Amino acid sequence: MNEFLESIKAIDYADIIEKKIVPKVVEKGIVSVNKLFKLASKKIIEKARKELPKEDYEYFSDNYDLEIEESFVLRRIADNLKKTNNWAKEIYFNTALTSKRLNKVFVEIDLFLSPLKFRFDESEKTERVKGTTIIKRYDKHKIIYGGAGAGKTTFIKKICTEFLENPDKNPFSCPVVIRFRDIDYSNNNYGNHFGLFPILIDILGIQIKFPIDKIDLFYNEYHSVIKQAVVSFLDDCNILLIADGFDEIPNTSLKNKIEKEFHELSLSLESARFILTSRNNDFILKLPQTEEYEICPLNDNQIKKIIKNWLGDKKQSEDLYEQIRKSPYYDTTMRPLTLSHLCAIYERRKTIPPKPRYIYDFVLNLLLESWDQQRSIVRPSEYADFYIEKKKEFLAHLSYWFSYHLEKNVFSSEDLKKCYNKIYKTHNLPPSQSKKVVIELENHTGLLVQIGYNSYEFSHKSLQEFLTAKYIYSLPKIPEYSILKELPNETAIAICLSSSPNAYFENFIKDYKRYDENFWNIFLDRLVDESPDFNENPSVLVFFFITIKETEIPIFRRTLKALLEHTNLKISISNFNKIYTERIAYKTETRYTHKNISISVADRNNFPGTLIIGNDIVELINK
């Protein structure tokens with residue numbers, strides 16, 4: 001113990017470890033888990049002795065062990081704190097000239113006291129609260145929802161830095177942080193039984209040896225012991241668990257499993273608490289003893305403060321604010337990530353892109369230009385002729401492989417090489433260049449960042465989604481349902497990137513009945529965020545009229561209203577009225593009839609002969 005305490009003296013948060021963590025871990029956490037392990041070991045070994053043949057039993061008993069060792073646990077928690085401290089104190093964008101200290105650029109955000117998806121309709125008012133007020137009381141667990149780039153991770157960073165800078169003002173011994181995007185989901189020792197509790201066992205340094213080939217036979221006992229160990233340790237050590245980026249778990253089945261395990265955790269914890277962040281429609285379950293919030297869009301004053309904090313120069317801040325105010329995306333979809341990119345771009349160019357999705361393309365071009373300027377690739381090879389547009393195509397294809405085929409946000413050099421070997425012929429690249437391409441991607445573009453030994457990720461999930469979408473929309477035909485159902489965000493972006501969003505949308509919705517409600521929630525939320533440019537064809541309007549009536553899924557009604565308000569979808573209303581010329585109004589609905597109802601559906605461009613539309617929607621399209 002003395003050796004451990006001596007080794008941490010130089011670090012910023014040594015007092016937290018010595019005064020708050022060590023007493024809890026040593027006096028309570030380890031003691032209670034040891035008792036639990038002794039009791040569980042007897043039961044599991046006894047069951048193995050009864051149910052396994054002698055040889056299998058001997059193998060099991062030799063390879064089964066539950067262990068919690070004081071110094072190892074303390075070092076694991078100290079390591080988690082170190083990584084948390086380094087991660088939380090700065091904000092970095094690869095478009096920025098320099099990284100920014102969190103405390104210098106952070107602006108107080110507002111939270112809705114209930115996620116907007118639970119409103120009856122958009123007219124229902126939802127109360128707001130300052131973000132920092134919710135972290136002053138911890139009687140319940142908390143889920144923080146928000147769209148892409150809403151500021152979830154930055155808010156979590158603020159919570160972490162506040163804790164580390166003012167530990168005495170916090171009721172917990174320490175935070176333990178899970179960043180879901182950093183986890184190597186393919187390289188674990190738990191096989192199909194990987195999940196939230198194994199992740200926490202590893203972070204906390206609680207060692208459980210269990211023969212993988214015997215987990216199925218002893219699954220109830222195995223799951224029970226790791227769950228009890230985690231719950232007991234978190235409670236006895238009075239830990240605040242912070243889990244950031246639930247939506248960045250790449251595998252749907254694993255995401256569903258971890259979601260259920262958070263439900264178990266919310267039922268089991270007594271004194272410990274957790275804070276979880278997720279995009280709006282990724283985490284579905286309602287958890288007991290848990291408060292739910294949603295990050296509000298930035299208001300005018302917050303936008304001004306972020307710009308001022310980022311740029312520092314009053315004149316430049318006012319100029320950028322005016323450019324943003326006159327841009328198409330100065331509305332309720334303005335989010336911290338978008339604004340931060342705009343600030344970083346303005347620092348370089350003194351001007352900003354005209355639409356949200358153009359920001360990603362601008363960032364991509366900027367990084368690839370920097371890549372070309374690196375001397376290391378100016379050499380007489382086929383790779384040296386790999387100009388910017390080809391690089392974009394290559395990176396888009398690579399991103400698609402990560403997102404769909406590998407289902408990964410975090411990948412190794414071996415993963416990069418594996419994907420390269422699958423796609424290099426398509427891009428007319430020689431196999432011998434694989435290593436050079438990987439090195440350039442890792443070291444010179446800024447598109448990929450190293451987050452651990454042999455672990456890499458795209459600098460932001462939205463950039464990976466954008467690149468994947470570029471690959472999808474560039475294909476000669478829309479991908480099959482089996483592909484798109486796994487990529488709701490990317491599908492929404494692909495529609496917006498298309499030269500004809502209406503046509504792409506029309507082709508996409510041919511299989512619309514096959515997609516589940518969770519897909520539609522994520523896809524339509526992102527479609528609104530990305531703000532597509534529609535034409536005068538009323539096919540998109542007709543789709544929403546049909547689905548609102550047929551499915552009664554609330555997201556369709558909300559999305560139609562949002563698209564009419566925030567995009568140019570309303571330009572198709574005139575043509576809709578020219579096609580559906582006959583209408584009969586009832587008390588709550590109106591019946592619209594196609595002017596050519598007698599001709600075949602195919603000759604009517606597959607438009608239905610009649611449409612039943614709620615009068616609230618009729619009012620909206622008649623404005």
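All but one of (1) over 26 Å from F197 (Cα atoms); (2) open to solvent by 40 Å² or more (accessible area, probe 1.4 Å) hold for I295; state the number of the condition that does not hold.
All conditions are met except number (2).
Of everything in the stretch 154-176 that's among the aliphatic types (A, V, I, L, M) and in contact with a Leu (Cβ under 8 Å, 6 or more places away or on another chain), which residue is modelled with the highest pLDDT? Break it down stepwise before answering.
Applying the first criterion (among the aliphatic types (A, V, I, L, M)) to the stretch 154-176 yields 156, 159, 164, 176.
Still in the running and in contact with a Leu (Cβ under 8 Å, 6 or more places away or on another chain): 164, 176.
On the way: L164: 85, V176: 94.
Restricting to residues being among the aliphatic types (A, V, I, L, M) and in contact with a Leu (Cβ under 8 Å, 6 or more places away or on another chain), the top hit is V176.
Quick one: is E506 touching a residue at least 24 places away in the same chain (Cβ under 8 Å) and either open to solvent by 10 Å² or more (accessible area, probe 1.4 Å) or in contact with a His (Cβ under 9 Å, 6 or more places away or on another chain) (or both)? So that I can check it myself, show each step before the final result.
Numbers: touching a residue at least 24 places away in the same chain (Cβ under 8 Å): yes; either open to solvent by 10 Å² or more (accessible area, probe 1.4 Å) or in contact with a His (Cβ under 9 Å, 6 or more places away or on another chain) (or both): yes.
Criteria met by E506.
Please determine, by comparing only the residues of the stretch 509-555 that are of a type in the set (D, E) and over 21 Å from I621 (Cβ atoms), which one is least open to solvent (accessible area, probe 1.4 Å).
Step one: filter the stretch 509-555 for residues of a type in the set (D, E), giving 511, 516-517, 525, 529-530, 533, 536, 550, 552.
Applying the additional criterion that residues be over 21 Å from I621 (Cβ atoms) yields 511, 516-517, 525, 529-530.
Values: D511: 62, D516: 91, E517: 90, D525: 48, D529: 32, E530: 8 Å².
Checked the stretch 509-555; the qualifying residue least open to solvent (accessible area, probe 1.4 Å) is E530.
Residue-by-condition table, conditions (1) at pLDDT below 85; (2) more than 25 Å from the chain's Cα centre (by Cα); (3) among the aromatic types (F, W, Y):
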residue: R348; (1), (2), (3): yes, yes, no
residue: K355; (1), (2), (3): yes, no, no
residue: Y360; (1), (2), (3): yes, no, yes
residue: I377; (1), (2), (3): yes, yes, no
residue: L395; (1), (2), (3): no, no, no
residue: N409; (1), (2), (3): yes, no, no
residue: Y424; (1), (2), (3): no, yes, yes
residue: P430; (1), (2), (3): yes, yes, no
residue: Q433; (1), (2), (3): yes, yes, no
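If D15 meets every condition in (1) modelled with pLDDT of 80 or more; (2) farther than 15 Å from L217 by Cβ apart from one, which number is that one?
(1)
Within the stretch 225-277, which residues are small (G, A, S), under 23 Å from I483 (Cα atoms) and in contact (Cβ under 8 Å) with a residue 40 or more places away in the chain?
Residues of the stretch 225-277 that are small (G, A, S), as a first pass: 229, 232, 243, 245, 253, 266, 268, 271-272.
With the extra rule that they be under 23 Å from I483 (Cα atoms), the set shrinks to 245, 253.
Passing the criteria: only G245.
Out of all the residues in the stretch 203-239, which are surrounded by fewer than 17 Cβ atoms within 10 Å (Cβ to Cβ) and in a helix (DSSP H, G or I)?
I212, D213, Y219, N220, E221, S224
What number of residues within the stretch 597-618 are over 17 Å from E582 (Cα atoms) and part of a loop (DSSP other than H, G, I, E, B)?
The qualifying residues number 4.
Provide a single number: the residues in the stretch 82-127 that are closer than 12 Å to E294 by Cβ, surrounded by fewer than 13 Cβ atoms within 10 Å (Cβ to Cβ) and either at pLDDT below 75 or among the small types (G, A, S) (or both). Give the steps one after another, and end with the answer.
Within the stretch 82-127, the first condition is being closer than 12 Å to E294 by Cβ, and the residues that meet it are 109-119, 126-127.
Subsequent filtering for residues that are surrounded by fewer than 13 Cβ atoms within 10 Å (Cβ to Cβ) retains 127.
Filter again for either at pLDDT below 75 or among the small types (G, A, S) (or both), leaving none.
So the answer is 0.
Okay, residues lined up against (1) over 30 Å from Y346 (Cα atoms); (2) of a type in the set (A, V, I, L, M, F, W, C):
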position: D216; (1), (2): yes, no
position: F246; (1), (2): yes, yes
position: L269; (1), (2): yes, yes
position: I284; (1), (2): yes, yes
position: T290; (1), (2): yes, no
position: Y293; (1), (2): yes, no
position: I306; (1), (2): no, yes
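Given the conditions (1) closer than 23 Å to E124 by Cα; (2) out of contact with any Leu (no Cβ under 8 Å at 6 or more places or on another chain), report the number of the one that E530 does not fulfil.
Only one criterion is unmet by E530, namely (1).
The values are calculated or read from the model by the stated rules, or taken from the named source; none is laboratory data. Bear in mind the structure is a predicted one, so any value in this text is a computation, not a measurement. No Cβ is skipped: glycine too gets one built from the backbone with ideal geometry, and neighbour counts run over all protein chains shown. What goes into the accessible areas is simple: the full protein's heavy atoms, side chains included, and nothing from ligands, DNA or RNA. Shrake-Rupley method; radii C 1.70, N 1.55, O 1.52, S 1.80 Å.
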